[in-house]
Amino acid sequence: MAKAHPLQSLRSASTRPLTADDLKALYYIHDRVAQTLTEILSAEPSSAATWQVISVEQQPFHHVLRKYPRDSVWSLLGFGESLVGGVALVIEKESVIAMVRQAGAEIAPESENEITEFELGQIDNRIQQFSEAFSTVWGEFHPLSLQLATFPNTPTIDEFRNLLMGIQPETPSIVLTFQVTMIAREVQRAALIFPQPYLAPLYHVLKAVNDGMLEEGDFEQVQNRIAMVDDITTPVAVQLGSTRMSFSDIQNMEFNDFIVLDQSIDKPLTVKVGKDTVMKGMPGTTPDGRYLAVQIVE
């Protein structure tokens with residue numbers, strides 16, 4: 001198991017919100033990482049697996065931590081001496097077991113749902129292969145000399161502050177989710193966590209990737225690459241309405257009281273993607289009546 005080394009502190013560079021084009025570039029880069037890793041793994045029939053990026057999201061770091069149980073395996077890929085920063089690859093315990101445990105392996109009943117030291121070493125080897133694919137693809141744009149530290153449990157936010165210096169609960173992070181498909185096994189998932197401040201020195205890479213896709217001479221190839229980003233997720237918010245109330249009215253509110261909004265029932269609601277208003281829709285419910293829904297009208 002690699003020894004843990006704290007990463008260097010964040011650069012004092014201001015970070016800007018990522019655009020849709022930035023997310024497309026990240027999807028494209030890491031889809032290439034997934035393809036490269038798939039090729040590396042194909043050399044070993046017992047560990048062959050197809051990796052594929054299925055989503056790219058922006059979330060505060062504390063939301064990311066809440067997603068994963070304490071017994072998830074985390075690996076920090078530090079950028080070494082070449083660049084300040086790093087990323088984290090996280091795999092839940094059940095996925096680790098599915099990826100490395102051979103069918104019919106003799107495991108003591110009390111250890112059946114636990115990761116053995118041998119299996120932890122095996123997943124560490126897989127992560128080393130991921131690190132190789134990651135540095136190969138990113139190295140085409142910026143040289144990276146990676147350091148590796150693997151943890152059998154999810155570090156706490158305080159531990160992360162020591163490992164990824166400058167990380168705070170509200171630090172924006174990019175979460176790239178991979179689907180891992182192996183023969184005769186259930187489909188598993190892994191996630192790459194990229195703290196957004198560490199992307200600041202790499203913004204030129206995202207621009208170069210987008211420019212390269214736009215300038216590609218083979219139109220069909222461009223369309224195929226752009227089609228890769230169809231699964232990118234982004235926050236969509238529906239504005240129900242608003243109003244103003246005096247502090248005394250709020251204090252005197254009781255059960256079953258109503259708050260009347262300034263939104264008329266016969267007027268369409270505003271639907272926003274990110275900060276932009278892109279649609280209008282009428283409120284309602286899904287056909288089964290279980291969820292609120294908005295029917296787009298313009």
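Side notes on the structure shown:
- Test for LEU146: is it in contact with a helix residue (DSSP H, G or I) (Cβ under 8 Å, 6 or more places away or on another chain) and modelled with pLDDT under 85: yes
- Filter pass, PRO195 being assigned by TED's automatic domain parsing to the domain that holds THR150, modelled with pLDDT of 85 or more, surrounded by 10 or more Cβ atoms within 10 Å (Cβ to Cβ) and not hydroxyl-bearing (Ser, Thr, Tyr): yes
Conditions (1) in the same structural domain as GLU57 (by TED's automatic domain parsing); (2) of a type outside the set (Asp, Glu); (3) at pLDDT 85 or above, marked per residue:
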{"site": "ALA227", "(1), (2), (3)": "yes, yes, no"}
{"site": "LEU240", "(1), (2), (3)": "no, yes, no"}
{"site": "ARG244", "(1), (2), (3)": "no, yes, yes"}
{"site": "ASP249", "(1), (2), (3)": "no, no, no"}
{"site": "ASN256", "(1), (2), (3)": "no, yes, no"}
{"site": "GLN263", "(1), (2), (3)": "no, yes, no"}
{"site": "PRO268", "(1), (2), (3)": "no, yes, yes"}
{"site": "VAL273", "(1), (2), (3)": "no, yes, no"}
{"site": "ARG290", "(1), (2), (3)": "no, yes, no"}
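- Members of segment 124-148 found to be more than 22 Å from PRO197 (Cβ to Cβ), out of contact with any strand residue (DSSP E or B) (no Cβ under 8 Å at 6 or more places or on another chain) and β-branched (Val, Ile, Thr), listed by number: THR136
- The number of residues in segment 17-49 that are among the β-branched types (Val, Ile, Thr), surrounded by fewer than 21 Cβ atoms within 10 Å (Cβ to Cβ) and under 17 Å from ARG126 (Cα atoms) comes to 3.
- Residues of segment 268-298 that are basic (Lys, Arg) and surrounded by 11 or more Cβ atoms within 10 Å (Cβ to Cβ): LYS272, LYS280.
- Odd one out for PHE151 among (1) in contact with a strand residue (DSSP E or B) (Cβ under 6 Å, 6 or more places away or on another chain); (2) surrounded by fewer than 17 Cβ atoms within 10 Å (Cβ to Cβ): (2)
The values are calculated or read from the model by the stated rules, or taken from the named source; none is laboratory data. Note that this is a predicted model, so its numbers are computed, not measured. Counting neighbours? That spans all protein chains shown, and the Cβs are built from the backbone with ideal geometry, glycine included.
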